[in-house]
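Since the structure comes first, as structure tokens, the remarks are kept for the end.
Please treat every number below as a calculation from the coordinates, not as lab data. What you see is a predicted model, and the numbers here were worked out from it, not measured in a lab. Don't worry about glycine lacking a Cβ; one is built from the backbone with ideal geometry, like all the others, and counts go over all protein chains shown.
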Amino acid sequence: MSAIEQELYPWLITGGIVTALIIFVTLLLIPAPYGRHTRQGWGPSTNSRLGWILMELTSASVFAGCFLWGWGVHGGGVWILTAMWEIHYINRSLVFPFRMRESGKRTPMLIVLFGMLFNVFNGYINGRYLGVAGAAYNAGWLTGPRFMIGAALFAVGMAINLHADEILFRLRQPGERDYKIPHGGLYRWISCPNYFGEVVEWTGWAVATWSWPGLVFAVWTAANLVPRALAHHRWYRHRFIAYPPERRAIIPLLL
């Protein structure tokens with residue numbers, strides 16, 4: 001890294017954690033206005049599918065660019081970590097959006113721009129870190145407890161996320177717009193297993209990389225998705241009289 005980057009980087013890490021805590025409190029009070037929580041008064045909007053692609057593709061491309069920009073001596077483990085990131089975001093940007101039952105829904109451009117801004121920041125701190133510090137992730141790292149536990153959490157979280165999304169994809173037929181109660185998998189216990197899976201996934205990333213930028217991303221993921229899961233849970237209970245009373249919002253038996 002350049003001298004300027006070396007001075008700036010710790011401030012970005014600290015700022016990322018502090019901002020995540022502010023966002024967490026804000027979202028507990030004001031649910032982000034997209035999806036089922038869409039509201040008027042948030043300015044111009046765009047097609048939800050296009051907005052999603054723009055946000056998620058930003059993360060895949062910025063991470064890859066910053067990783068290559070920091071080209072150096074890379075251990076074998078860094079390529080596996082890079083593949084983990086890119087597999088997630090290629091799915092989220094080029095597969096998931098085209099399976100969404102978005103039916104003409106709109107997302108405020110403000111939300112899209114904020115998502116892109118965060119993904120530029122997040123892709124930079126994580127991609128740049130791996131690009132510069134890649135030599136540390138050698139063959140020995142791959143057999144160490146941090147990588148093995150983190151990679152296992154990442155894989156389990158992704159599997160939970162994908163399975164929950166699949167249930168949602170099959171919940172409505174093409175052209176249907178009414179919401180329904182999802183069943184199956186972890187929906188037996190929580191309202192938002194897709195969010196639970198993503199929190200587990202990026203917690204695994206933080207452990208597997210054992211890095212400050214990985215921790216920042218894990219904190220941001222929880223700060224964004226825990227309040228949204230709580231808002232979804234309240235929405236379900238208000239919308240459906242017969243909503244299963246044993247379900248929690250995002251953590252089975254707890255929250």
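At-a-glance table
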quantity	calculated
In degrees, nearest ten, helix 3-29 long axis to first principal axis of the chain (Cα)	20
J(HN,Hα) series, the stretch 133-141, from Karplus relation 6.51 cos²θ - 1.76 cosθ + 1.60, nearest Hz, glycine and proline x	9, x, 4, 5, 8, 8, 4, x, 4
Amide proton proximity set for ILE190, modelled H, under 5 Å, gap of 5+	ARG248
Listed peptides 10-16, 214-220, 60-66 by packing density, highest first (mean Cβ within 10 Å)	214-220, 60-66, 10-16
Among TRP69, LEU113, ALA242 the positive-end extreme of the charge dipole of the chain (Cβ point charges)	ALA242
For SER45, distant residues with modelled amide H under 5 Å away	MET109
Contour excess over end-to-end distance, with Cα ends at LEU28 and VAL120 and 0.36 nm allotted per residue	30.7 nm
Extension gain from ASP178 to LEU253, taking 0.36 nm per residue of separation minus the Cα-Cα distance	24.2 nm
Under 13 Å, Cβ to Cβ, from ALA32 - net charge with Lys/Arg +1 and Asp/Glu -1	+3
Order by protection proxy (mean Cβ within 10 Å, highest first), peptides 113-120, 225-232	225-232, 113-120
Residue order, fewest to most beta carbons within 10 Å, for MET148, MET84	MET148, MET84
The chain, helix-only ellipticity at 222 nm - DSSP H runs n ≥ 4, -39,500 (n - 2.57), divided by all residues, nearest 500	-22000 deg cm²/dmol
The chain: angle of helix 76-90 to the longest principal axis, Cα-based, in degrees nearest 10	30
C-alpha long axis of helix 145-169 to longest principal axis of the chain, angle in °	30
For the chain, with +1 on Lys and Arg beta carbons and -1 on Asp and Glu, the positive-most of TRP205, ASN91, TYR124 along the dipole	ASN91
Cβ charges +1 (Lys, Arg) and -1 (Asp, Glu), total dipole of the stretch 109-255, debye	380
Förster radius 35 Å - calculated FRET efficiency between LEU94 and ARG237, Cβ distance, rounded to 0.05	0.55
FRET efficiency, 1/(1 + (r/R0)^6) with R0 45 Å, evaluated for THR14 and PHE169 via beta carbons	0.70
